[in-house]
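Enquirer: Supplied in structure tokens, the structure appears directly below.
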Amino acid sequence: MERIPILKMGEFLLVTIQVDMHDRLALTLQDDLTEMIVKNRTHGVLIDISALEVVDSFIGRMLGNIASMSRVLDAATVVVGMQPAVAITLVELGLSLPGVRTALNVEKGMELLRGSLTATNGHARRQG
Amino acid sequence: MAMPVVKAERCPVRSGDNVVRIRQIVRQWTVELGFSLVDQTKIVTAASEIARNTLDHGGGGEALVESLSEGGRRGLRLVFTDKGPGIENIDQALKDGFTTGGGLGLGLGGARRLSSEFSIESRTGEGTCVTLTRWK
Ligand SMILES: Nc1ncnc2c1ncn2[C@@H]1O[C@H](COP(=O)(O)OP(=O)(O)OP(=O)(O)O)[C@@H](O)[C@H]1O
Ligand SMILES: [Mg+2]
């Protein structure tokens, strides 16, 4: 079956969406990703959408679902590489992607994740 | 006045793959029409929303894609038809956040904002026809 690969990038997971997604593929990705988050005990997920030329409400909902699902499993999600034309269109569509953080590219996304991890870990360390 | 149609294509809207195919046709034709990248993206996104509604809420149907040229004006028109349950209250359906299917309720209102011209005809129990046009 067709699948979107999930790669380990150091302490994080990287999902690169390159194909025009249809429903089944999106649902499989959500399942695979939850499994990987738990198995790898990761605290950060990067979703690279730089190859996507269209983000409609279906894909938007999927990104939102992944973010909330990851949050429950104690992992933060950052969507990276959104094309400017896609960003402009999303605003007009009315899709604000609540709870989804974004970054310009994978590197910036990793910085963002590291930053948020240090913030929480630092707090935990002070407690212990 | 009848709008001069330069070319037209009928596409089924019966599966997720069909929706993908419609996005590809709309992209290709708007490139041919010389739409800017942002305008291409807007109408492809609107097409995707309405195609998905035709599939999910209308039980499948058909899309007619037309490339238009009127005087110096060029544009793309999309007509989606289904013989599904119809929309009981169109004004309500167009409101952002209104959904009967657990979606975000953004498709119809969003597609209208992304189009230059937009209209819905629907009869309960008979079906729905959504027409959208984007001019260059
Ligand atoms: N072709 C159709 N046939 C019957 N009902 C429709 C059709 N298109 C839209 N509707 C009705 O209008 C409502 C609003 O549509 P809209 O596309 O805005 O939201 P949605 O499809 O529910 O969610 P989203 O598009 O954000 O995923 C739908 O929930 C449905 O009740
Ligand atoms: Mg919809």
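Read-outs throughout are calculated quantities, based only on the coordinates presented, and are distinct from any laboratory measurement. All values reported here derive from a predicted model rather than from experimental measurement. Reconstructed Cβ throughout: ideal geometry from the backbone, glycine too, with neighbour counts over all protein chains shown.
Enquirer: Please tell me the relative contact order of segment B:5-135 in percent, rounded to the nearest whole number, where contacts are Cα pairs under 8 Å and at least six residues apart.
Expert: 26
Enquirer: Measuring from a point 7 Å past the Cα of B:SER119 along Cα-to-C-beta, which residues in segment B:1-38 have an amide N at less than 15 Å?
Expert: Of the residues in segment B:1-38, B:1-4 have backbone N under 15 Å from the label point off B:SER119.
Enquirer: In nm, to one decimal, how far is the A:THR34 label point from the B:LEU64 one, both placed 7 Å along Cα→Cβ?
Expert: My value for the distance between the label points is 4.4 nm.
Enquirer: More than 19 angstrom separation, counting every C-alpha pair in segment B:1-109; what % is that?
Expert: The calculated P(r) of segment B:1-109 puts 48 percent of pairs beyond 19 Å.
Enquirer: Taking 7 Å along the Cα-to-C-beta vector as the label spot, tell me the A:VAL91-A:VAL19 distance in nanometres, rounded to one decimal.
Expert: 3.3
Enquirer: Roughly how many whole Å is it from the C-alpha centroid of segment A:47-85 to that of segment B:93-115?
Expert: Centre-to-centre distance over Cα atoms comes out at 20 Å.
Enquirer: While we're on this one: Against the longest principal axis of chain A, how steep is helix A:23-40, in degrees 0 to 90 to the nearest 10, with axes from Cα atoms?
Expert: Helix A:23-40 sits at roughly 10 degrees to that axis.
Enquirer: If the only charges are +1 at each Lys and Arg Cβ and -1 at each Asp and Glu Cβ, what is the size of the charge dipole of segment B:5-135 around the Cα centre, to the nearest 20 debye?
Expert: About 320 debye.
Enquirer: Same structure again: Can you tell me what share of the DSSP beta bridges in segment A:1-56 is antiparallel? A percent to the nearest 5 is fine.
Expert: Percentage antiparallel, nearest 5: 50.
Enquirer: How crowded by other chains is B:113-120, given as the mean number of beta carbons from other chains within 10 Å of each beta carbon?
Expert: For this peptide, the per-residue mean of nearby foreign Cβ atoms is 1.
Enquirer: Then there is this: Using 1/(1 + (r/R0)^6) with R0 = 45 angstrom and r between the beta carbons of A:GLU111 and B:VAL6, what's the FRET efficiency to the nearest 0.05?
Expert: So the FRET efficiency works out to roughly 0.35.
Enquirer: Using only atoms on other chains, find how many Cβ atoms lie within 10 Å of each Cβ of peptide A:47-54 and report the average.
Expert: Averaged over the peptide's residues, the number is 2.
Enquirer: Please compute the average number of Cβ atoms from other chains found within 10 Å of each residue's Cβ in peptide A:58-66.
Expert: 2
Enquirer: What does DSSP give for chain A in terms of the percent of beta bridges that are antiparallel, rounded to the nearest 5?
Expert: So the antiparallel bridges amount to about 25 percent of the total.
Enquirer: Further, regarding this structure: Treating the angle as unsigned and between 0 and 90°, give the value, to the nearest 10°, between the Cα long axis of helix B:37-56 and the longest Cα principal axis of chain B.
Expert: The angle comes out near 30 degrees.
Enquirer: Express as a percent, rounded to the nearest 5, the fraction of DSSP beta bridges in the protein assembly as shown (both residues included) that run antiparallel.
Expert: 75
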